[in-house]
1. Rounded to whole Å and sorted largest first, what semi-axes of the equivalent ellipsoid does the C-alpha gyration tensor of the range 1-53 yield via the square root of 5 times each eigenvalue?
2. Which whole-number percent of Cα pairs in the range 108-225 have a distance greater than 22 Å?
3. Where q = 0.12, 0.13, 0.19, 0.21 Å⁻¹, what log10 of I(q)/I(0) comes from the Debye formula for the range 72-171, counting one point per Cα?
4. Calculate how large, on average over all directions, the projected area of the Cα convex hull of the range 1-135 is; give the answer in nm² to one decimal.
5. Taking a threshold of 24 Å on the Cα-Cα distance, which of the pairs K13/K55; K35/K136; K35/K72; K47/K74; K47/K206; K72/K128 fall above it?
6. In whole Å, what are the extents of the chain along the principal axes defined by its C-alpha atoms, from largest to smallest?
7. Could you point to the residue in Q179, L155, P22 farthest towards the positive end of the range 2-261's charge dipole, with +1 and -1 charges on the Cβ of Lys/Arg and Asp/Glu respectively?
8. Quote the relative contact order of the range 2-261 in percent (integer), defining contacts as alpha-carbon pairs under 8 Å separated by 6+ residues.
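All of the numbers you see were taken from the coordinates with simple rules; none came from a lab. Keep in mind that what you see is a predicted model, and the values were worked out from it rather than measured. Quick reminder, even Gly has a Cβ in these numbers, built from the backbone with ideal geometry, and neighbours come from all protein chains shown.
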Amino acid sequence: MLLEDYRKSQESKLVPSSIGEPGVRFEYPLSAEHKLQLVIPRPDHEKIFAHRQWKGGLHTADRILSGEIDVKDKVVLEVGAGTGLSGIVAGCCSRPASSVLITDYDDVELITNLRKNVRDNDKRGNLKVMAHCWGKDADDLRSSSLTRDGFDVILAADVIWDSFSHLSLIETLTQSLKQRPESRVVLVAGYHTGRHVVQAFMRRAKAKGLVPDDSLIMEFERGVYSQSYTDLDFDLLNGLEDIDVYREQRQKTTIECRLRLVS
Ligand SMILES: C[S@@+](CC[C@H](N)C(=O)[O-])C[C@H]1O[C@@H](n2cnc3c(N)ncnc32)[C@H](O)[C@@H]1O
């Protein structure tokens, strides 16, 4: 029900950036017969924003399910997982990852809920949960990967809204992405946080060697692909000097970008 309401709300003027409340259950359909069962966490820490299902996680899950984000036989990490929806879809879909390490902030309630969501849905035994605070013990994370040399794909959905966390998150991403040309961070962010925050993250990531690949920075409006940017210097207001129109535009837009490591 929650998800149906969310899909319908995509038509509203100000598309909500998240759904649900702490403790609320929802289903995410992988197929007509197979529905994932998830519970929204009730974290002890308030400022980490794990108390909802965010639209970045829904976008990522939908794109994995449609095959646009390819995880088949890959070693996958999810950072800032919240309910764990994207990582669980990566492990349970019809073209599944070989292993998924699902991580979030070291908060007892949050990690306990994440473990329960994984336990309730993990039929293949390819999902693992671990607490990880960005920027800390990235070596532990890498050595916890299936192949012990990092991850082929890192899922990062709605995790860049807080500019004070950018550098520690980038540290986690650069330290745990496998050093292979085909390895990617899949970054998804709602523009509800503002274009300038997304742009600041992209610039900081570039300074640390994480740059968009040839699929560029893709923008989706109400879940539908709209345009791509070829570089990071897009017009911040994009011609939307009217603040009300700007706000509406922000609410309905999501970006998706694959980042690769350059030396
Ligand atoms: C806006 S929520 C997104 C959750 C989920 N990816 C989704 O799309 O629903 C941000 C997530 O980042 C996590 N987070 C925030 N700060 C963090 C930090 N310093 N280290 C690790 N995780 C953090 C929160 O616990 C939360 O789960």
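1. Those come to 21, 18, 7 Å.
2. Values: 2875 of 6903 pairs.
Summing the P(r) of the range 108-225 above 22 Å gives 42 percent of all pairs.
3. Each listed q corresponds, in turn, to -0.35, -0.41, -0.88, -1.07.
4. That works out to 8.2 nm², a quarter of the Cα hull's surface.
5. K35/K136; K47/K74; K47/K206
6. 50, 46, 34
7. Result: Q179, furthest along the dipole toward the positive end.
8. Working: 549 pairs, mean separation 43.6, N = 260.
Here the relative contact order equals 17 percent.
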